[in-house]
Amino acid sequence: MRFKDRVAIVTGGARGIGAATAQLFASEGARVVVSDLDEAPAREVAEPIGGLAIACDVSSRDAVESMVARTVQELGHLDILVTCAGIIRDNLLFKMTDEDWDAVIDTHLKGTFLCARAAQRHMVEQKSGKMVFLSSTSALGNRGQTNYAAAKAGLQGMARTLAIELGPYNINVNAVAPGFVETRMTRATAERMGVDYETFKMGAASQIPLRRVGQPSDIASVIGFLCSDEAGFVSGQTVYVRGGP
Ligand code: NAP
């Protein structure tokens, strides 16, 4: 029960890595806000774990401010923020539109900035908190992902900077950078490339030293560790979780 009586917000909590993270927190005693674009899928995850579903587009300042305010109003405080909300709009640079760029940057980078800024007000006041931002191995460079790679590398810089700014208030800020994880996001990539998903996964697994792709729970367990008291002296780090170095 590492998260007994803690209150956690998970953005993008309705699916994939976010849903697995929300379930892990709840299974260890946290009260969880499952936040996502649409309330219905968020409720499907929140209800079985006794959580609260809040619809919120993370790229909207007003939506984020009211989601965080409602969390504190209804659950009393805020201890953990995990930002999983994400989209991909892959294309080679010469075909990438302004809209592809803006949508990805606004969701990942601005979305995390807005959530972190809204959350820190409460965490600074209570002098404790944990934040984990979802980066990606794409931060190291990935063909067709100029927008996504820039956003994911930016999140690592944001985590390091906020670790410095918020450390004096006993707030840990880290990033987790997964490799290939079996979720709707990687399924969508296979579809866009016209490749059968099982074949796509096998191809990815053959390049991974542990010879398998990741599952959402593989990522959630590392996020859980970073949000636990055991990781109390870990801050400003990016942990790659990709079945290899
Ligand atoms: P996923 O299954 O597609 O879940 C992402 C969730 O974010 C979806 O429920 C999506 O809602 C929601 N979302 C999208 N835009 C949003 C917005 N503006 N505001 C609020 N919610 C929004 O993705 P995932 O694979 O679990 O990925 C979670 C995080 O891990 C992402 O940041 C992703 O970039 C990162 N990551 C994933 C992988 C991987 O291999 N899967 C690897 C590295 C990093 P809709 O479904 O309604 O669009």
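The values are calculated or read from the model by the stated rules, or taken from the named source; none is laboratory data. Here the structure is a predicted model, which means the values were calculated and not measured. Please note: Cβ atoms are built from the backbone with ideal geometry, for glycine as well, and neighbour counts cover all protein chains shown. Surface areas here come from the heavy atoms of the whole protein model, side chains and all, with no ligands, DNA or RNA. Shrake-Rupley method; radii C 1.70, N 1.55, O 1.52, S 1.80 Å.
A few points about this structure:
- Computed over the chain, the convex hull of the alpha-carbon atoms projects to a mean area of 12.6 nm².
- Helical contribution to [θ] at 222 nm, DSSP H n ≥ 4, -39,500 (n - 2.57), averaged over the chain, rounded to 500: -14000 deg cm²/dmol
- Rule-of-thumb Rg ratio for the range 52-154 [Cα; 2.2 N^0.38 Å; N residues]: 1.19
- Its Cα gyration tensor gives the range 153-236 an equivalent ellipsoid. The semi-axes, each the square root of 5 times an eigenvalue, are 33, 14, 10 Å from largest down.
- Taking amide H as placed 1.01 Å from N in the peptide plane, the amide H of Val239 sits under 5 Å from that of Ala175, Val176, Ala177, each at least 5 places away or on another chain.
- Cα lying deepest toward the dipole's positive end in the range 179-240, options Ser221, Leu210, Tyr197, charges on Cβ: Tyr197
- Residues Glu47, Glu182 ordered from highest to lowest accessible area at a 1.4 Å probe: Glu47, Glu182.
- Per-residue Karplus couplings for the range 97-109, computed as 6.51 cos²θ - 1.76 cosθ + 1.60 with θ equal to phi - 60°, are listed in order as 8, 4, 5, 4, 5, 4, 4, 6, 5, 5, 6, 7, 7 Hz, Gly and Pro entered as x.
- Label zone at Glu198 (point 7 Å along Cα-to-Cβ), backbone N below 16 Å, the range 211-242: 213
- Accessible area per residue in Å² at 1.4 Å probe, computed on the chain: 47
- Only protein heavy atoms count here; on that basis, with a 1.4 Å probe, Asp196 has an accessible area of about 90 Å².
- Cleavage-rule hits, trypsin sites (Lys or Arg not before Pro), the range 63-172, DSSP coil, Cβ neighbours within 10 Å at most 14: Lys127, Arg143
- Cα-based shape type of the range 1-87, given that a ≥ b ≥ c are square roots of the gyration tensor eigenvalues and the cut on a/c is 1.5: oblate
- Converting phi to 3J(HN,Hα) with the Karplus coefficients 6.51, -1.76 and 1.60 and the offset θ = phi - 60°, the range 56-61 yields 7, 8, 5, 7, 9, 4 Hz in sequence order, with x at every glycine or proline.
- Apportionment of accessible area to carbon and sulfur, the range 206-245, percent (1.4 Å): 57
- Accessible surface of Arg184, taken over heavy atoms with a 1.4 Å probe and every protein chain present, rounds to 150 Å².
- Karplus (6.51, -1.76, 1.60) ³J(HN,Hα), θ = phi - 60°, over the range 210-226, in Hz, Gly and Pro reported as x: 7, 6, 8, 7, x, 10, x, 5, 4, 7, 4, 5, 6, 4, x, 4, 5
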